Every structure is written in C-alpha cells, then in structure tokens.
1. Run the simple label-point estimate for residue 63 and residue 108 please: 7 Å along Cα→C-beta, distance reported in nm.
2. Which of the peptides 53-60, 80-87 is most tightly packed, and how do the rest follow, judged by the mean count of other Cβ atoms within 10 Å per residue?
3. So, in nm, how far is label residue 73 from label residue 137 when the simple model puts each one 7 Å beyond its Cα toward the Cβ?
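Quick note: the coordinates plus some simple rules give every number you see, no bench work behind them. Keep in mind that what you see is a predicted model, and the values were worked out from it rather than measured. Quick reminder, even Gly has a Cβ in these numbers, built from the backbone with ideal geometry, and neighbours come from all protein chains shown.
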Amino acid sequence: PMQEPTDCNKLQRDVTQFNLVATNCREKLPFVCEKVPVNCGSNFVQNESSFLYPPDGSNYSNDMNCEWKIIGFKDSFIRLEVMYTIERCKDCYCDSLKVYEGIKREGSPVMTFCGVGNGTVNSTTKEVTLVFRTDRTVQSRGVWVKWKFGASQTVMNTCRCIVELFVILECESFI
C-alpha cells in the first residue's frame, strides 16, 4: 500500500481523462496521489511590497504549484491584501490560493481563495506562506498580493476562512 503524503493532489480516473483535484489525501478513496513539486514562487523579506502572478498579466498555466514565503521581523505580523481571479469550483478544489501561517505548509490554511474577488488577511506570526495550485482544466488571470509588516505583540480579530466567490463557506474567529 502507498503511504499517503499529508499534502498532495489526487488524480481520479474519469472515463475519458484524468482530472486533477486538490483534496485531503487522508480520505480512503481509490486514487493516485502525487506530490507535486514547487515550480514557481519566491522568498520575500521586504517590509512592504507586492507581486503579480503570472507576472506578465497573462492567464496562469495548468499544473502550477507556486510557493511564496514572506518573512517578517521579530514581534511583527503581516497584513496581506489579495486580489484574485482564479477558477471557481466547489470548496476551491480546482485552483486556489491558500495562506498558511509560518514558513511551512502545516495544518489548515488561514484563508483559501478561489473565484473572483479580494480579501485581507492579518497573520498572527511573523511569517506566512502562500500556496497557489492549479489543476489541468480552466486557466484564469491569477493573483495580486500586497503586504506590509506591522509591529505588534498580538493581532486582533484574525479569521480563518474558506471563501468562494465572495461567499464565506466556513469561518472561525480568533483573538
């Protein structure tokens, strides 16, 4: 039996083709699970900046697995502003931008974006990781992310949400 990684993409067999779906690989379903290598991204230490992906403004490609790490200074938090046009599908399984606290993709994301919209995320840590994954179907315009470091011991009213086309599917507040 194959050991399942904690974060991967599932390939499920369709009658005519493979469909790529990013889901929880701990589910006991028939699938082929592959760990997708990181094929774009960067590390940032600027206290205020932004990036656009894809950088040339074209539509993003299939099978992308991008990671951007933003690393702040001691006792700081990071405020992210995100604008996105990403393929929309149920529970953001197709294409998505996920925001994780820390420089490792551990645990649940603080926020997951898909569809069309914008959002703001305040981290409770000095480091965040953004993961942008695409499947093999629809391509769209991508993401624009702006950030700024803030000096604080605590961040008030941080929210862990799953957002799909301006609709909050699931949200939990923390203080």
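1. Here the modelled spin labels are 3.2 nm apart.
2. Numbers: 53-60: 13.1, 80-87: 19.4.
Going from most to least packed, we get 80-87, 53-60.
3. With each label placed 7 Å out from Cα toward Cβ, I get 4.6 nm.
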